[in-house]
Amino acid sequence: MTERELIEQAIKGRMYSYAPYSGFRVGAAIETKEGEVYTGCNIENAAYGPTNCAERTAIFKAVSEGKRSFSQIAIIGGKEAGSIVTGYATPCGVCRQVMMEFCDPGDFKIIVAKSVDDYIVYTLKQLMPEGFGPNNLEGGCDL
């Protein structure tokens with residue numbers, strides 16, 4: 001799937017965002033290495049702590065269906081202002097850590113978009129340069 005097509009899926013996911021407190025609506029679409037796409041949106045909660053980000057919603061949906069290997073994710077988000085997004089919404093630290101669990105940091109692409117024509121592509125390694133993941137637990141951990 002092209003980056004633009006994946007962003008279109010993230011835009012669709014954003015439509016289901018439940019953000020009554022912050023008004024910051026986020027959509028994400030993650031592609032498996034087999035080419036399947038799972039979308040997610042942020043889901044807020046009055047207690048704040050149980051809130052879930054769009055990226056984790058998409059990843060958890062895929063993992064709950066048995067998918068464990070991903071190639072790229074597109075993320076789009078911003079304050080409610082119609083369909084216009086004015087800034088890039090990069091993943092929070094918790095989402096980056098979840099990505100470390102299932103994605104190859106050097107190959108996994110994170111596409112942050114304002115629109116299908118305005119986006120930036122990072123690798124997980126760029127956004128989580130010294131990330132801790134499953135490979136760190138092979139053979140023990142150097143502390």
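Laboratory data are not the source of any read-out in this text; all were calculated from the coordinates shown. All figures in this text were calculated on a predicted structure; none of them were measured in a lab. Every residue, glycine as well, gets a Cβ built from its backbone with ideal geometry; the counts of neighbours run over all protein chains shown.
A few points about this structure:
- Taking Thr86, Thr39, Thr57 in turn, the Gaussian network model of the chain (Cα-Cα springs below 10 Å) assigns the largest fluctuation to Thr86.
- FRET efficiency for the Glu65 to Val121 pair, using the beta carbon distance and R₀ = 35 Å, is estimated at 0.85.
- Shape category assigned to the stretch 1-69 from the gyration tensor of Cα positions, a/c cut at 1.5: oblate
- As a rough footprinting exposure proxy, the listed residues Tyr18, Tyr48 were ranked by other beta carbons within 10 Å of their own, and the order from fewest upward is Tyr48, Tyr18.
- Cβ crowding within 10 Å ranks Cys103, Cys53, Cys92 as Cys92, Cys53, Cys103, fewest other Cβ atoms first.
- Across the chain, C-alpha contacts under 8 Å between residues 6 or more apart give a mean separation that, scaled by the residue count, equals a relative contact order of 21 percent.
- Neighbours of Cys92 by Cβ distance under 10 Å: Lys/Arg scored +1, Asp/Glu scored -1, total +1.
- Pairwise centroid distance, computed over Cα atoms, of the stretch 20-82 with the stretch 98-142, Å: 15
- Options (1) 14.6; (2) 15.2; (3) 16.1 - which one matches Kirkwood radius over Cα pairs in Å as calculated here: (2)
- Of Ile73, Ile84, Ile7, the sequence from fewest to most neighbouring Cβ atoms within 10 angstrom is Ile84, Ile7, Ile73.
- Local electrostatic count at Ala10 - Lys and Arg +1, Asp and Glu -1, tallied over other residues with Cβ under 12 Å: 0
- With K and R counted +1 and D and E -1, the other residues having a Cβ less than 9 Å from that of Tyr119 yield a net charge of -1.
- Neighbour-limited loop hits for GluC sites (Glu not before Pro), the stretch 1-66 (at most 14 other Cβ within 10 Å; DSSP other than H, G, I, E, B): Glu34, Glu36, Glu65
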